[in-house]
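See structure below.
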Amino acid sequence: MILDDVTMPEYERGILDSSTVIIPFGSLEEHGAHLPLCTDTLQVVEVCRRVAERAGVHLAPAVAYGVCRSTRNHPGTIGISTATLRAITIDLVRDFHRHGMRSFVLISGHAGKTHVLTLVDAGEQLLDELPDIRVSVISEYNEIQEAGKALVEAADDSHAGEIETSRVMFLRPELVKGTSPAEWPVFPDARLVRDKRRHWRGGVWGDPSRASAEKGRQLTEIAVARVIELIRELEDYRESTGGAEPA
Ligand SMILES: [Zn+2]
């Protein structure tokens with residue numbers, strides 16, 4: 001069920017069919033001069049909606065803000081701290097658990113490393129705290145990058161590049177405003193930089209000119225199939241009953 005849309009009795013019945021809930025995490029973040037600030041949220045919600053319908057699991061409303069480090073000085077990026085993301089993740093899982101959910105799919109459309117690691121950190125704490133839950137943390141972009149590589153032409157495609165532009169062209173073509181120049185920013189190896197825009201003028205990583213709506217359709221399908229596979233693996237998983245770890 002789509003939790004935004006159901007009533008109390010529908011929730012009570014729905015929980016008997018499945019105790020798996022997907023919580024999507026997006027961001028309000030610059031995506032070059034051509035894609036909307038909601039790009040990450042849009043992509044992950046559209047994938048999760050298809051997954052929920054096909055796999056018969058439940059979809060929670062998205063958390064539409066994320067931890068955005070490298071784009072934080074670009075206009076339009078409005079982020080939250082790791083402490084806030086960690087706290088809201090823990091609060092949501094605890095409350096869904098209180099209302100009968102047992103398998104939790106924390107899936108991010110924003111691929112920022114610190115952001116995804118914060119979800120992992122929250123998930124690990126929840127595993128300690130709630131002995132009867134299972135948790136997956138999925139970075140939807142990373143799954144697509146791996147499973148969709150045959151479709152992608154540009155090397156080292158990432159933020160607002162060929163993949164994301166294709167996906168928004170497929171999902172919401174009216175939100176794509178032309179294109180942006182190809183860009184592959186270079187940050188120092190170890191030194192943290194305050195003026196991040198100096199290293200990343202246009203806010204694009206990759207080549208959006210290679211994008212197409214048809215690629216976007218195929219990449220979306222790849223993401224849906226992969227997320228369903230990961231959910232089945234999560235639901236089938238049984239914890240060991242204790243004793244020594246196998247050698
Ligand atoms: Zn993105």
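Remarks
- When we screen V57, V44 for residues that are modelled with pLDDT of 95 or more and touching a Gly at 6+ places or on another chain (Cβ under 6 Å), the only hit is V44.
- All positions within segment 1-35 that are in a loop (DSSP other than H, G, I, E, B) and more than 17 Å from E46 (Cα to Cα): V6, T7, S18, S19, E29, E30, G32, H34
- Some residue of segment 120-139 being among the basic types (K, R) and at pLDDT 95 or above: yes
- Flag for S209 being open to solvent by less than 40 Å² (accessible area, probe 1.4 Å), of a type in the set (S, T, N, Q) and either within 16 Å of the ligand (Cβ to nearest atom) or more than 17 Å from the chain's Cα centre (by Cα) (or both): no
- The set of residues in segment 114-145 being charged (D, E, K, R), open to solvent by 20 Å² or more (accessible area, probe 1.4 Å) and within 16 Å of the ligand (Cβ to nearest atom) consists of E143 alone.
- Residue in segment 94-104 that is within 16 Å of the ligand (Cβ to nearest atom) and touching a residue at least 40 places away in the same chain (Cβ under 8 Å) present: no
- Filter result for L3 (without any contact (Cβ under 8 Å) to a residue 60 or more places away in the chain and open to solvent by less than 20 Å² (accessible area, probe 1.4 Å)): no
- Residue match in segment 80-90 (condition: farther than 30 Å from P9 by Cα, over 15 Å from the mean Cα position of the chain (by Cα), small (G, A, S) and at pLDDT below 95): no
- Per the listing A160, A154, A111, the residue uniquely surrounded by 21 or more Cβ atoms within 10 Å (Cβ to Cβ), within 16 Å of the ligand (Cβ to nearest atom) and in a loop (DSSP other than H, G, I, E, B) is A160.
- When segment 31-51 is filtered for residues that are open to solvent by less than 10 Å² (accessible area, probe 1.4 Å) and not β-branched (V, I, T), the ones remaining, listed by number, are H31, H34, D40, Q43, C48.
- Residue that is nearest to the ligand (Cβ to nearest atom), among those in segment 39-59 that are touching a residue at least 40 places away in the same chain (Cβ under 8 Å) and not in a helix (DSSP H, G or I): L59
- Taken across segment 193-203, residues that are within 16 Å of the ligand (Cβ to nearest atom) and touching a Pro at 6+ places or on another chain (Cβ under 7 Å) do occur, with at least one present.
The values are calculated or read from the model by the stated rules, or taken from the named source; none is laboratory data. Being a predicted model, the structure only gives us computed values, none of them experimental. Cβ sites come from the backbone with ideal geometry, for glycine too, and all protein chains shown count toward neighbours. Each accessible area value is taken on the protein alone, full model and side chains, heavy atoms only, with ligands, DNA and RNA left out. Shrake-Rupley method; radii C 1.70, N 1.55, O 1.52, S 1.80 Å.
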